[in-house]
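Throughout, read-outs are computed from the coordinates displayed, never taken from laboratory work. Since this is a predicted model, take the numbers as computed values, not measurements. Positions of Cβ are backbone-derived with ideal geometry, glycine not excepted, and every protein chain shown enters the neighbour counts.
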Amino acid sequence: MLFVAEINLAQLIDKYFNFKLALEFLPHLLSAARWAIIYTLVGESIGIIIGLVIALARISSFKLLSYPASIYVNLFRGTPLLVQLMFIYYALPYVGINLPPYLAGIIGLSLNSGAYVAEIFRAGILSIPKGQMEAARSLGMSYGQAMFYVIIPQAVRVVIPPLTNEFVALLKDSSLLYVIQVPEIAYRMRSLASASFNATSYTLAALIYLSLTIPLTYFASYMEKRLSRYKSHA
Amino acid sequence: MLKDMQFIIEIEDLRKRFGDNEVLKGVNLKVKPSEVVCIIGPSGSGKSTLLRCVNLLEKPSSGKIILEGIDLTQPGVDINKVRQKVGIVFQSYNLFPHLTVEQNLLLAPMRVQKRSREECLEKAEKLLRRMGLIEKMRAYPDQLSGGQQQRVAIARALMMDPDVMLFDEVTSALDPELVKEVLDAMKELAAGGMTMLVVTHEMGFAREVSDRVVFMDHGVIVEEGKPEEIFTAPKNRRTKEFLSRVLTA
Ligand SMILES: Nc1ncnc2c1ncn2[C@@H]1O[C@H](COP(=O)(O)OP(=O)(O)OP(=O)(O)O)[C@@H](O)[C@H]1O
Ligand SMILES: [Mg+2]
């Protein structure tokens, strides 16, 4: 109690948000943020491709496709991203696979988001009424044609909000890339903090994350509202 | 050639089981080209399942379905080819909500039958004009009334030039004032010589339009005959009970 009382407000601000340091750190952290966004965008984009393939495999009636797909999903959703990244970067060298940090990071984020995106797509596809597939098939379309022209275009609208949320989650998770030496926000934050003996870089990093995630979260809930209106029409 | 065939559909001892629930227990039905057959019967008697078997949305457990001389239950039958010959219209319309009326009509003939856009468009315009929906060409399904949507669904099925049309309670989801426009479209189709299998609760339609009425109960055809016979002098007790229930309701 005594200890807390001795710290006054000015000192507190100086420790956690020193304005001069903040100005000095900002360009470094912003360029790190740019990298975080690039990693996340690339990871999410590859994740969307992986996710679509895995989702189609999971809902397939061929066990040869659906079993491996669900093993993949369970594996990557059942282990922490931290462990996945470390496995790719620190464990694969034991079998002679040495990846540079940026590649290990991209692969880790892509495989991880692929698993989550797969579940989002699967739920989206299953949310389309059964009658749509039947109507398409009854017109002579193959399963693939029905999926491609009828089911997936409708599912895409449904998955935009959860995909945005997944993007937000991945952006935050990209901070874990610091354990494999990728110079993103968290990595810069740590090095700036230890060089300055000051906590300002932590505060600033948190603010940068918030300035990215809050608008995206609002966008997701806005889209969700728009979609529910679209649905009540149909 | 179709006209020479004695029967366009021959269903022989058709059985369908879901788990250990036998829903169709040996259905026999023969349909001549251009014939309009109405199927009536209580809920759960297997009417929808019978229709869905004819275009293979359900796989029959045993028995034969012979369409234009080809047994659909044989392995190696091209399901997608069969379905182009047999159009089906559902109670819930099932239009594609992300596509306009025009796109709904053009999708399958262009992608499945690889017909040219011009040819399909011409056909679509002809059908929609006949249905009185030409000005809705660019509308989305959710901008149409139920009756309009159902007529678009009929037009969509006709785009494939089917030889047989199946209708499963297509007016049951409609507001009463919209039923007539859909039934009128079906009457016109019947008058044009289309072979039709119609599951319906519209006894007036069955009486007026059908060549034959089939009464189903508990997975079998209990009685069939000309509409005037079935409606005025049913022979079977279950038919009598069913009709007295629906006609007084
Ligand atoms: N996919 C399915 N799986 C299991 N049971 C089913 C399935 N489809 C239909 N059934 C069962 O088969 C029976 C007959 O159903 P069907 O839909 O053919 O009856 P129906 O005569 O069309 O009735 P309704 O007038 O209510 O439409 C019902 O008991 C139903 O529960
Ligand atoms: Mg039914």
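Roughly how many whole Å is it from the C-alpha centroid of the stretch A:59-104 to that of the stretch B:114-133?
Value for the Cα centre distance between the two parts: 51 Å.
Cα axis of helix B:146-158 to longest principal axis of chain B: angle in degrees, 0 to 90, nearest 10?
90
How charged is the neighbourhood of residue B:170? Take every other residue with its Cβ under 15 Å from the Cβ of residue B:170, and add Lys/Arg as +1 and Asp/Glu as -1.
Details: positive: B:47, B:52, B:151, B:156, B:180, B:187; negative: A:134, B:168, B:169, B:175, B:181, B:184, B:188, B:202.
Residues close to residue B:170 contribute a combined charge of -2.
Could you work out the mean count of beta carbons from other protein chains within 10 Å of each residue's beta carbon in B:77-90?
3
Is the shape of the stretch B:1-99 rounded, prolate or oblate, going by the alpha carbon gyration tensor and its root eigenvalues a ≥ b ≥ c, with a/c under 1.5 for rounded and a/b larger than b/c for prolate? Walk me through the intermediate numbers first.
Working: a/c = 1.33, a/b = 1.05, b/c = 1.26.
Judged from the Cα gyration tensor, the stretch B:1-99 comes out rounded (a/c under 1.5).
Would you mind ranking B:36, B:77 so that the residue whose beta carbon has the fewest other beta carbons within 10 Å leads the list? Display every interim value, and only then the final one.
On the way: B:36 26, B:77 14.
Exposure proxy ranking, most exposed first: B:77, B:36.
Could you line up B:248, B:100 from fewest to most neighbouring Cβ atoms inside 10 Å?
In order of increasing Cβ crowding within 10 Å: B:248, B:100.
What does chain A give for Rg and for Dmax, in Å, if only its C-alpha atoms count?
22.3, 80
Using the charge dipole of the stretch A:21-233 (Lys, Arg: +1 at Cβ; Asp, Glu: -1 at Cβ; taken about the Cα centre), state which of A:45, A:206, A:106 has its Cα farthest towards the positive end.
A:45
Hey, can you grab everything whose amide H is under 5 Å from the amide H of residue B:30? Only 5+ residues off in sequence or another chain; H modelled, so Pro and N-termini drop out.
Here the answer is B:11, since their amide H atoms fall under 5 Å of that of residue B:30.
Measure nothing fancy, just the Cα-based angle from helix B:237-248's long axis to the longest principal axis of chain B, in degrees from 0 to 90, nearest 10.
Between the helix axis and the principal axis of chain B, the angle is about 50 degrees.
Quick one: grab Rg to one decimal and Dmax as a whole number for the stretch B:142-249, Cα atoms only, in Å.
Values for the stretch B:142-249 (Cα only, Rg and Dmax): 14.9, 47 Å.
How do A:17, B:96 line up, fewest other C-beta atoms within 10 Å first?
Ascending Cβ contact count within 10 Å gives the list A:17, B:96.
Dividing the convex hull volume of the Cα atoms of the protein assembly as shown by its residue count, what figure in Å³ per residue is obtained? If you can, show how the numbers build up before the last one.
Values: hull volume 118.0 nm³, N = 483.
Here the figure is 244 Å³ per residue.
Can you tell me the orientation of helix A:200-233 relative to chain A, as the angle in degrees between its alpha-carbon axis and the longest Cα principal axis, to the nearest 10?
The angle comes out near 20 degrees.
In Å, what is the Rg of the alpha-carbon atoms in the stretch A:124-234, and how long is Dmax?
My reading of the Cα-based Rg and Dmax gives 21.4, 70 Å.
Apply the Karplus curve 6.51 cos²θ - 1.76 cosθ + 1.60, θ = phi - 60°, to the phi angles in the stretch A:147-154 and return the couplings in whole Hz, x for Gly and Pro.
Going residue by residue, I get 4, 5, 8, 10, 7, 4, x, 6 Hz, with x marking Gly and Pro.
Let me know the charge dipole size of the protein assembly as shown about its Cα centre in debye, to the nearest 20, where only the beta-carbon of Lys, Arg (+1) and Asp, Glu (-1) is charged.
Its charge dipole is roughly 400 debye.
Quick one: 3J(HN,Hα) in Hz for the stretch B:41-47, Karplus 6.51/-1.76/1.60 with θ = phi - 60°, rounded, Gly and Pro as x.
Rounded to whole hertz, the list is x, x, 4, x, 7, x, 5.
If you add up the charges near residue A:174, with Lys and Arg at +1 and Asp and Glu at -1, over every other residue whose beta carbon is less than 13 angstrom from its beta carbon, what do you get?
-1
Just the number, please: Stokes-Einstein D of the stretch B:101-196 in µm²/s, Kirkwood Rh from C-alpha pairs, 25 °C, 0.890 mPa s.
Working: Rh = 13.7 Å.
This corresponds to a translational diffusion coefficient of 179 µm²/s.
Using a Förster radius of 41 Å, what is the FRET efficiency between residue A:20 and residue A:71 based on their Cβ-Cβ separation? Nearest 0.05, please.
Details: r = 53 Å, r/R0 = 1.30.
Approximately 0.15, to the nearest 0.05.
Which residue, B:7, A:13, A:73, has the largest displacement toward the positive end of the dipole of the protein assembly as shown when charges sit on each Cβ (Lys, Arg +1; Asp, Glu -1)?
A:13
Karplus couplings for the stretch B:20-31 from phi (6.51 cos²θ - 1.76 cosθ + 1.60, θ = phi - 60°), rounded to Hz, Gly and Pro as x?
So the J values, rounded to whole Hz, are 9, 9, 7, 9, 10, 10, x, 9, 10, 7, 10, 10.
Which of the residue pairs B:47/B:235; B:30/B:187; B:64/B:123; B:47/B:240; A:63/B:85 have a Cα-Cα distance greater than 26 Å in the structure shown?
Result: B:64/B:123; A:63/B:85 exceed 26 Å.
Jot down the per residue volume, in cubic angstrom and as a whole number, of the convex hull over the alpha-carbon atoms of chain B.
Per residue, the Cα convex hull of chain B comes to 135 Å³.
Roughly how far apart, in whole Å, are the Cα centres of the stretch B:69-104 and the stretch B:143-159?
Taking the Cα centre of the stretch B:143-159 as reference, the centre of the stretch B:69-104 is 15 Å away.
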